[in-house]
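What follows is one structure encoded as structure tokens, with my remarks underneath.
The values are calculated or read from the model by the stated rules, or taken from the named source; none is laboratory data. The model shown is predicted, which means the values in this text are computed figures rather than measured ones. Positions of Cβ are backbone-derived with ideal geometry, glycine not excepted, and every protein chain shown enters the neighbour counts.
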Amino acid sequence: MAVEYWGKAFFIQARSDFEAMDVLGRAKALPDCRRFHYLQMSSEKLAKAILFSNTPSSETPEFTHTALVAALQSLKRNPRLRSAMGYKKSAHFARYVDSLLSTAKWVEQLAPSVAGIKNPNHGISVD
């Protein structure tokens, strides 16, 4: 399948990773780190789908595992999304998006290349 824009390719990959996370979430015998891995990957690719939605497939987007915070910050300035989510004032919507940034940073830290050797994603649980 030829993909005209990177955003579409990243969205397809994000959906696949999310489905894998869902399947792993139902496998109770597995440690949480397996789900967290796919949470990080699916959110990273969804963020890239947002950031590179208009980037032609002939241009290679920047390689990064820290796209989620940047994508949320870009969405903060999206009036269509703000309206669709029921926010009348952009300042209120911006505060809502800002409230998600610490969680987004935590998710970005799940990527091994971001977490580094001192903060590996293994055996951690949020239960």
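Summary table
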{"read-out": "Every pair of residues 6+ apart whose Cβ atoms lie under 8 Å, when the first sits in region 56-77 and is in contact (Cβ under 8 Å) with a residue 12 or more places away in the chain while the second is assigned to a strand (DSSP E or B) and surrounded by 16 or more Cβ atoms within 10 Å (Cβ to Cβ)", "value": "P56/Y5; S57/Y5"}
{"read-out": "D22 being out of contact with any Phe, Trp or Tyr (no Cβ under 7 Å at 6 or more places or on another chain), over 17 Å from T103 (Cβ atoms) and at pLDDT 90 or above", "value": "yes"}
{"read-out": "Residue ID - surrounded by the most Cβ atoms within 10 Å (Cβ to Cβ), chosen from residues in region 88-117 that are in contact (Cβ under 8 Å) with a residue 24 or more places away in the chain and more than 17 Å from I50 (Cβ to Cβ)", "value": "L110"}
{"read-out": "Within region 58-76, tally of residues that are closer than 19 Å to L101 by Cα and either hydroxyl-bearing (S, T, Y) or modelled with pLDDT of 90 or more (or both)", "value": "12"}
{"read-out": "Single residue of A49, A94 found to be within 22 Å of G7 (Cβ to Cβ) and either at pLDDT 80 or above or not in a helix (DSSP H, G or I) (or both)", "value": "A49"}
{"read-out": "Pick from region 66-87, criterion surrounded by 12 or more Cβ atoms within 10 Å (Cβ to Cβ) and of a type in the set (D, E, K, R), ranking: nearest to the chain's Cα centre (by Cα)", "value": "K76"}
{"read-out": "Filtered residue count, region 1-49, keeping only those that are among the β-branched types (V, I, T) and either within 17 Å of E62 (Cα to Cα) or touching a residue at least 40 places away in the same chain (Cβ under 8 Å) (or both)", "value": "1"}
{"read-out": "S58, sole failed condition from (1) of a type outside the set (D, E, K, R); (2) over 27 Å from S90 (Cβ atoms); (3) buried (at least 20 other Cβ atoms within 10 Å of the Cβ)", "value": "(3)"}
{"read-out": "Matching residues, region 7-41, being farther than 20 Å from W106 by Cβ and touching a Lys or Arg at 6+ places or on another chain (Cβ under 7 Å)", "value": "F10, Q13"}
{"read-out": "Candidate set from region 7-46 (those that are outside any loop (DSSP other than H, G, I, E, B) and basic (K, R)); member that is surrounded by the fewest Cβ atoms within 10 Å (Cβ to Cβ)", "value": "R26"}
